[in-house]
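In what follows, a single structure is set out as structure tokens and then discussed.
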Amino acid sequence: MLIGAAALALALVATRAAALEQWQWAKIAAIATLTGVVYTVFSEWTNTSVRGGWQYSELMPKLELAGVVIGLSPLAQWLVLPPLALYLAQRRWIAAT
């Protein structure tokens, strides 16, 4: 939740978002998604390879990105959830106005 909130805050600052009706929804979703993906790749690499804080089960589908092995599930959640959440929020806001 904190990572998502921070990614959204960064996206809002980067797009200089003002009033809700002026939001660049697609750009905000892209920046928030990219921020979440970058943080997740870094965090997964740090915790599995550098610190050894955890390791993946044999059942976890894995993907190798630039020599970094990352679980597909954490990556997939960042590729799906931020754009979906912002899409649904935009639809709800439009319906309310």
Filtered residue count, segment 60-97, keeping only those that are in contact with a strand residue (DSSP E or B) (Cβ under 9 Å, 6 or more places away or on another chain) and exposed (fewer than 12 other Cβ atoms within 10 Å of the Cβ): 2
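Provide a single number: the residues in segment 72-97 that are within 17 Å of the chain's Cα centre (by Cα), farther than 19 Å from Val38 by Cα and not hydrophobic (A, V, I, L, M, F, W, C). Explain how you work it out, then say what you get.
Let us first name the residues in segment 72-97 that are within 17 Å of the chain's Cα centre (by Cα), namely 72-89.
If we keep only those that are farther than 19 Å from Val38 by Cα too, we end up with 87-89.
Still in the list and also not hydrophobic (A, V, I, L, M, F, W, C): 87.
Adding up the residues that qualify gives 1.
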Restrict the check to segment 46-58 and report whether at least one residue is under 20 Å from Pro74 (Cβ atoms), in contact with a helix residue (DSSP H, G or I) (Cβ under 9 Å, 6 or more places away or on another chain) and among the hydrophobic types (A, V, I, L, M, F, W, C). yes
Is segment 31-47 home to any residue that is of a type in the set (Phe, Trp, Tyr) and not in a helix (DSSP H, G or I)? no
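Does Trp23 satisfy the criteria of being surrounded by 13 or more Cβ atoms within 10 Å (Cβ to Cβ) and closer than 28 Å to Ala95 by Cβ? Reasoning before the result, please.
Working: surrounded by 13 or more Cβ atoms within 10 Å (Cβ to Cβ): yes; closer than 28 Å to Ala95 by Cβ: yes.
So Trp23 passes the test.
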Do we have any residue at all in segment 46-64 that's touching a residue at least 24 places away in the same chain (Cβ under 8 Å), out of contact with any Phe, Trp or Tyr (no Cβ under 7 Å at 6 or more places or on another chain) and not aromatic (Phe, Trp, Tyr)? no
Quick one: in segment 43-59, which of the residues that are surrounded by 13 or more Cβ atoms within 10 Å (Cβ to Cβ) and of a type outside the set (Ser, Thr, Tyr) is nearest to the chain's Cα centre (by Cα)? Glu44
Considering only residues of segment 55-73 that are under 15 Å from Thr40 (Cα atoms) and among the aliphatic types (A, V, I, L, M), which is modelled with the highest pLDDT? Leu72
Scan segment 56-74 residue by residue and report those that are of a type in the set (Gly, Ala, Ser) and under 22 Å from Met1 (Cα atoms). Gly71, Ser73
Whether any residue in segment 68-78 is assigned to a helix (DSSP H, G or I), of a type in the set (Phe, Trp, Tyr) and touching a residue at least 40 places away in the same chain (Cβ under 8 Å) is what I want to check. yes
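What residue, among those in segment 7-20 that are among the small types (Gly, Ala, Ser) and at pLDDT below 95, is surrounded by the most Cβ atoms within 10 Å (Cβ to Cβ)?
Residues of segment 7-20 among the small types (Gly, Ala, Ser): 7, 9, 11, 14, 17-19.
If we keep only those that are at pLDDT below 95 too, we end up with 17-19.
Values: Ala17: 17, Ala18: 9, Ala19: 6.
The residue in question is Ala17.
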What's the number of the only condition in (1) surrounded by 14 or more Cβ atoms within 10 Å (Cβ to Cβ); (2) without any contact (Cβ under 8 Å) to a residue 40 or more places away in the chain that Ile28 fails to meet? (2)
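The values are calculated or read from the model by the stated rules, or taken from the named source; none is laboratory data. Only a predicted model underlies this, so the values are computations on that prediction, with no experimental measurement involved. Positions of Cβ are backbone-derived with ideal geometry, glycine not excepted, and every protein chain shown enters the neighbour counts.
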